[in-house]
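First up is the structure itself, then whatever we jot down about it.
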Amino acid sequence: MYLQSETYRADLMKALHGTVNARKLYHKSILITGATGLIGSFAADMLLYQNRTENTEIEIYLLARDEKRLRERFVSSLNEKRLHFVIQDVVNPLELNEAVDYIIHAAGDGFPAAFREHPVETMMPALTGTYQLLQYALHNAKKNALQTFLYVSSGEVYGKSSNMKHAFRENECGYWDSMSVRSCYPMAKCCAETLCVSFGAQYHVPVVVVRPSHAYGACTSIHDNRASVQFLNDASAGKNIILHSEGKQIRSYTYVADCVSGIFTAMLNGTSGEAYNIANAASRTTIAEFAGILAKKADVECVMKEPDRDEKQEQTPIEYAVLDSSKLEQLGWKAQYDIDTGIENMLNIRNREMNM
């Protein structure tokens, strides 16, 4: 599938080279939850590519609920002897007897339809799922096996700001209405972050938190209905891109290859108990401008359409979602894709996938 794309393989190589001290992964074992999602699947492919090109002998454990989807996503890697599937819901006690060196918890539905249709199930991977994984991590830590538990949070934890004039830093926050169902995702992420640092403080589990900005890329879930994914689906099908608002909201966009290299950099080099933003200062733009760049590359138009009731309910109240990544950059990480290159690569990979 994606690995057959030359552009995708180049992205994997670039992400690998962009990971600070990637050699620390050699001969280690790593568990990734949310393995069929945008971030988790790219992270897994990067490790698989590292094994193939550098003979790094990394044991890769991928956790997902749906075995069929997992096998379809990694169909070209099913014969890899160091690839292992863990089929279960992350909210249940982890059914893995092997100890691992690293855990990346990236499971959860981070798209608007999930927030509206099943907010309870949206919250549980962050709450119960994180607790179950931390219990497993604690067991590993007691045996001196675990090196880092990395929690993939979200830039949404910063909430809505008033008159914000600069990018959010890790010690800042805005406002979320706890009585709004739309808050199910960011509030759960906030609680999970606190649970992680609490396990670190009380039980000495080494935990690091990352807060990605709006990550985008080709290998998205079929259920993902974020605006950038809908834009990509339309553009790659040769359809006009539909905007359900004026799209004036400003976002930090981060191409998935940069996002994943940032995750691994924080995991391998970050300080336990700390949070790190992942964002690209060269990719701050409005939703409408993002759609416009993609439309131009796909030779389609952007069309305004009045949102229906469900679409109105799914709209975020956040107008300004810009993150400061200088703390991560102090570890040596640097974003490698501007918005133009990231969108072009995303479209090329998706078009190749659709034409296979």
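The values are calculated or read from the model by the stated rules, or taken from the named source; none is laboratory data. No experiment lies behind these values; they were computed from the predicted model shown. Cβ sites come from the backbone with ideal geometry, for glycine too, and all protein chains shown count toward neighbours. Note: accessible area is taken over every heavy atom of the protein model, side chains too, but ligands, DNA and RNA are not part of it. Shrake-Rupley method; radii C 1.70, N 1.55, O 1.52, S 1.80 Å.
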Count neighbours as other Cβ atoms within 10 Å of each site's Cβ, and list the GluC sites (Glu not before Pro) in segment 208-293 that are DSSP loop with at most 11 such neighbours.
Glu246
Run down the lysines and flag those whose C-alpha is under 20 Å from the C-alpha of Lys334, throwing out any fewer than 8 positions away in its chain.
Lys14, Lys24
Give me the dipole magnitude in Debye, nearest 20, for segment 157-310 about the Cα centre, with unit charges on the beta carbon: positive for Lys and Arg, negative for Asp and Glu.
180 debye
Could you state the accessible area per residue of segment 96-203 in Å², with a 1.4 Å probe and every protein chain left in place?
45 Å²
How far, in nm, would the chain grow between Thr286 and Lys334 when pulled straight, counting 0.36 nm per residue and subtracting the alpha carbon separation?
15.1 nm
Give, rounded to the nearest 20 debye, the magnitude of the charge dipole that segment 98-161 has about its Cα centre when Lys and Arg contribute +1 at Cβ and Asp and Glu contribute -1 at Cβ.
220 debye
Rank these by accessible area, largest first, 1.4 Å probe: Asp299, Asp177.
Asp299, Asp177
Relative to a virtual label point 7 Å from the Cα of Gln202 in the Cα→beta-carbon direction, which members of segment 155-196 show backbone nitrogen distances below 20 Å?
188-196
What is the calculated FRET efficiency for Ser180 to Ile222, with r their C-beta to C-beta distance and R₀ = 35 Å, to the nearest 0.05?
0.80
Given a 1.4 Å probe and the protein chains all in place, what does the accessible area of Met124 round to, in Å² to the nearest 10?
70 Å²
Loop trypsin sites (Lys or Arg not before Pro), segment 147-216 (other Cβ atoms within 10 Å of the site Cβ: 16 or fewer; DSSP):
Lys165, Arg169
Sequence-distant aspartates and glutamates (8 or more away, or on other chains) whose Cα lies within less than 18 Å of Lys305
Asp234, Glu246, Glu289, Glu314
DSSP beta bridges in segment 157-291, what fraction antiparallel, as a percent rounded to 5?
35 percent
Taking a probe of 1.4 angstrom, what is the accessible area of Cys191 in Å², to the nearest 10?
70 Å²
With both bridge residues required to lie in the chain, what share of the DSSP beta bridges run antiparallel, to the nearest 5%?
10 percent
Take the alpha carbon gyration tensor of segment 1-143, find the square roots of its eigenvalues, order them as a ≥ b ≥ c, and report rounded if a/c is under 1.5; if not, report prolate when a/b exceeds b/c, else oblate.
oblate
Under 23 Å Cα to Cα from Lys160, which lysines show up? Leave out anything in the same chain fewer than 8 places away.
Lys189, Lys248, Lys312, Lys327
Solvent exposure ordering (accessible area, 1.4 Å, most first) of Arg116, Arg352, Arg23
Arg23, Arg352, Arg116
Within the accessible area of the chain, what % is carbon and sulfur when the probe is 1.4 Å and the other protein chains stay in place?
47 percent
Virtual paramagnetic centre 7 Å along Cα→Cβ of Leu138, amide N under 19 Å, in segment 62-94:
90-94
On the full set of protein chains, 1.4 Å probe, figure out the accessible area of Cys173 and give it in Å² to the nearest 10.
110 Å²
TM-like helix rule applied to the chain (DSSP H, alpha carbon span at least 15 Å on the long axis, mean Kyte-Doolittle at least -0.5) gives 38-54, 130-142, 184-203, 256-269, 287-298
Taking 7 Å along the Cα-to-C-beta vector as the label spot, tell me the Glu54-Lys165 distance in nanometres, rounded to one decimal.
4.4 nm
Could you size up the charge dipole of the chain around its Cα centre, putting +1 on the beta carbon of Lys and Arg and -1 on that of Asp and Glu, and report it in debye to the nearest 20?
520 debye
Testing the spin-label approximation: label points 7 Å from Cα along Cα→Cβ at Lys248 and His17. State their distance in nm.
4.2 nm
